[in-house]
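One structure is given here, and the rest of the page talks about it.
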Amino acid sequence: MIINKHKLNFFLKTHLASFTALLFMVACTGTYTPTKYSIKQFYQNNRIGGGTFSNDETKLLVSSDESGIFNVYEIDIASGEKTQKTFSEKESFFAIDYLPGTNQILYSADKGGNELNHIFIMNEDGVTTDLTSGENEKASFSGWSKDKKSMYYVSNKRNSQFFDFYKMNIDNWESEMLYQNDNGINISNMSEDEIWFAFSQSVTTSENKLFLTNRIDNSTIELSEEPGSYSSSGFSKDNKYFFFITDKGKEFSYLVKYEIDTGEEEVLFQTNWDVIYSYLSENEKYRVIAINEDGKNTLFIKDLFNNSDVYFPEIPDGDIKGASFSESENKIRLTIGTSKSPNNIYVYDMISKELKKLTKTLNPEINADDLVSAEVVRYPSFDGLEIPAIYYKPLNATKKNKSPALVWVHGGPGGQSRTGYFSLIQYLVNHGYAILAVNNRGSSGYGKTFYKMDDLNHGDKDLKDCIWGKKWLQTQDYIDANKIGIIGGSYGGYMTMAAMTFTPDEFKVGVNIFGVTNWLRTLKSIPPYWESFRNALYKEMGDPTTADSVRLYDISPVFHAHRVKNPVMVLQGANDPRVLKIESDEIVEGLVANGIPVEYVVFDDEGHGFRKKENEIEGYGKILTFLQTYLKREG
């Protein structure tokens with residue numbers, strides 16, 4: 001690399017004072033002291049998602065929460081200018097697509113986090129119409145017909161338990177049912193000639209059936225005669241081939257091509273990590289394949305015309321969360337995040353080979369150098385099993401300046417902590433807390449054997465994995481071994497309360513974010529539209545209507561709140577359809593009755609997960625206050 005000496009001299013002269021101060025600080029402390037940022041500054045970052053191309057491929061349709069709540073925006077690809085298209089102040093609006101041949105916009109929204117999503121269309125004058133207006137209807141967009149004159153979608157308006165498949169004419173918005181689902185199956189894909197449907201039927205959370213059904217003659221082909229996990233990856237444009245992802249006979253999932261007429265199968269792609277999705281571009285020139293590689297996505301793009309790989313410039317620490325080709329196949333939208341920055345939208349021009357960044361989602365007040373890169377670590381659990389985890393070490397943690405720490409537990413069961421950015425984690429690390437995001441046994445991404453290890457064993461070995469994560473933290477000489485807490489949301493919230501209840505001396509504090517505390521109630525009260533998944537969930541967790549109820553009672557923290565010894569914080573959305581608010585009410589009541597310090601924060605306009613910035617600022621800011629009071633200053 002050639003350095004212009006005049007530029008170098010100018011840099012040294014203009015930055016000498018700050019550079020010298022930095023060298024002095026590092027020499028004296030052996031570490032870098034980051035600037036501390038407020039929770040408000042962290043949530044002045046912008047989350048962004050989606051990214052479908054306009055008909056002329058000059059714009060992208062995205063969802064962003066820069067207004068304080070998710071709304072729909074257009075990004076001009078040439079200039080990068082972003083234009084707000086919807087102006088909701090109450091509900092989150094998520095972009096779906098442009099209506100073919102127009103600038104009209106489809107978007108999705110629910111009410112207060114109740115997860116009953118409807119599909120809306122907004123015309124060019126800003127007038128919106130609810131296309132799926134049933135009172136208790138939940139609907140999801142499923143694509144456009146080949147002639148672009150109709151919209152496909154699934155809806156449970158006929159029966160709240162099952163999703164039927166519909167075709168809606170975009171000229172008059174009248175719909176017809178193409179498939180009535182009475183069997184608790186999930187409709188995955190339909191061939192372009194509207195003859196073949198792909199269906200998935202859950203058996204357990206790690207096993208399912210996959211079928212192809214001919215809509216004309218009702219003949220059915222089962223692709224899942226060998227037990228395993230199966231998921232659809234769509235049909236070829238000529239309707240001759242079906243693509244699916246499976247782990248049958250293997251530890252990790254791989255991509256298969258199936259010829260419908262002959263039944264012949266061909267493995268198209270496999271590696272020693274799970275293939276998580278794959279699809280073909282509009283004219284089948286390119287195939288996109290994403291794998292889950294040790295907590296982050298790796299993307300492969302194959303040029304099928306030239307039988308070659310497509311390469312684009314690498315983003316350091318980059319995790320490609322999503323990719324979508326334009327209809328011409330000349331552009332591809334990439335959604336890329338890093339552990340130190342929220343997702344950003346890029347467009348890669350397949351002709352010019354230019355990668356263009358269109359968004360800057362990190363608050364400009366925050367210096368990325370003050371944030372922490374995620375590190376993948378592994379440690380042995382109680383039985384010697386190697387547990388993967390994502391680790392965040394504070395920049396100023398040293399032997400002399402020991403940090404308190406938190407074991408972070410993901411949702412699920414069966415979720416995965418990954419290396420991507422999360423403002424709450426960076427906020428806590430920025431304020432001096434080391435965080436070990438544990439992928440306990442039962443987590444996805446590390447093979448099907450690892451995934452099944454917590455079946456009918458929740459709150460036991462998976463909890464021990466978290467405790468041994470704490471023990472790993474205690475071996476780090478810059479961690480205050482006596483100041484370690486546990487935090488998690490949803491299933492991670494359950495693990496937090498299980499730790500505080502069943503191993504009350506292990507963690508000094510617990511932060512439960514909308515976590516399950518009563519498995520008997522939760523498993524009986526799952527939303528009706530989860531009916532197709534109910535039996536699979538029962539096979540993993542236990543059936544509350546059988547003798548399993550004894551074990552489910554035993555592992556439910558709400559019935560054992562008297563055992564908790566240390567302070568707890570609980571955050572809950574009042575509209576949560578998965579973990580009902582009464583669960584958090586009851587565990588809090590039990591803790592208060594036992595004289596345990598407890599902080600309870602409820603949001604009346606949130607569901608299972610917080611979407612509004614003002615709520616995140618309030619709730620997550622209170623987490624730091626709680627930790628400063630009961631963990632960092634403890635002792």
>> Just to confirm my filter: which strands (runs of 3 or more DSSP E) fall fully inside region 307-406 and include at least 3 residues that are surrounded by fewer than 21 Cβ atoms within 10 Å (Cβ to Cβ) and over 20 Å from the mean Cα position of the chain (by Cα)?
In response: 308-310, 355-357, 375-380
> Tell me, which residue of region 481-506 that is touching a strand residue (DSSP E or B) at 6+ places or on another chain (Cβ under 6 Å) and of a type in the set (A, V, I, L, M, F, W, C) is surrounded by the most Cβ atoms within 10 Å (Cβ to Cβ)?
Replying inline: Met495
> When you scan region 593-616, how many residues do you find that are modelled with pLDDT under 95 and β-branched (Val, Ile, Thr)?
Replying inline: 0
>> So if I check each of Asn208, Asn218, which one is of a type in the set (S, T, N, Q), farther than 16 Å from Gly143 by Cβ and not in a loop (DSSP other than H, G, I, E, B)?
In response: Asn208
>> Checking Ala78 against (1) in contact with a strand residue (DSSP E or B) (Cβ under 8 Å, 6 or more places away or on another chain); (2) farther than 28 Å from Asn615 by Cβ, only one condition comes out false. Which one?
In response: (1)
>> Tally up the residues in region 16-41 that are at pLDDT 95 or above and of a type in the set (A, V, I, L, M, F, W, C), please.
In response: 1
> Does Gly228 fit the bill of being over 27 Å from the mean Cα position of the chain (by Cα) and farther than 22 Å from Gly322 by Cα?
Replying inline: no
>> Could you go through region 203-222 and let me know if any residue there is among the small types (Gly, Ala, Ser), within 24 Å of Ser443 (Cβ to Cβ), without any contact (Cβ under 8 Å) to a residue 40 or more places away in the chain and in contact with a strand residue (DSSP E or B) (Cβ under 9 Å, 6 or more places away or on another chain).
In response: no
> Hey, among Ser160, Ser175, which residue is surrounded by fewer than 20 Cβ atoms within 10 Å (Cβ to Cβ) and touching a helix residue (DSSP H, G or I) at 6+ places or on another chain (Cβ under 7 Å)?
Replying inline: Ser160
> Tell me, which residue of region 433-458 that is within 22 Å of Arg551 (Cβ to Cβ) and either part of a strand (DSSP E or B) or touching a Pro at 6+ places or on another chain (Cβ under 7 Å) (or both) is modelled with the highest pLDDT?
Replying inline: Gly442
>> Looking at Gly263, Gly249, can you tell me which residue is of a type in the set (Gly, Ala, Ser), free of Cβ contacts under 8 Å to residues at least 24 places away in the same chain and assigned to a loop (DSSP other than H, G, I, E, B)?
In response: Gly249
> How many residues, within region 605-625, are without any contact (Cβ under 8 Å) to a residue 60 or more places away in the chain and either surrounded by fewer than 19 Cβ atoms within 10 Å (Cβ to Cβ) or not in a helix (DSSP H, G or I) (or both)?
Replying inline: 4
>> Which count do you get for residues in region 74-107 that are under 14 Å from Thr52 (Cα atoms), in contact (Cβ under 8 Å) with a residue 24 or more places away in the chain and within 24 Å of the chain's Cα centre (by Cα)?
In response: 7
> Hey, Trp472 hits all of (1) in a loop (DSSP other than H, G, I, E, B); (2) more than 20 Å from the chain's Cα centre (by Cα); (3) over 26 Å from Ser556 (Cα atoms); (4) among the aromatic types (Phe, Trp, Tyr) but one; which does it fall short on?
Replying inline: (1)
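Yes or no, residue by residue, for (1) of a type outside the set (S, T, N, Q); (2) part of a strand (DSSP E or B); (3) in contact (Cβ under 8 Å) with a residue 24 or more places away in the chain; (4) touching a Pro at 6+ places or on another chain (Cβ under 6 Å):
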| residue | (1), (2), (3), (4) |
| --- | --- |
| Gly488 | yes, yes, yes, no |
| Met497 | yes, no, yes, yes |
| Leu520 | yes, no, yes, yes |
| Asn535 | no, no, yes, no |
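The values are calculated or read from the model by the stated rules, or taken from the named source; none is laboratory data. As the structure is a computational prediction, the values presented were derived from the model and not from experiment. Using ideal geometry, Cβ is built from the backbone for each residue, glycine included, and neighbour counts are taken over all protein chains shown.
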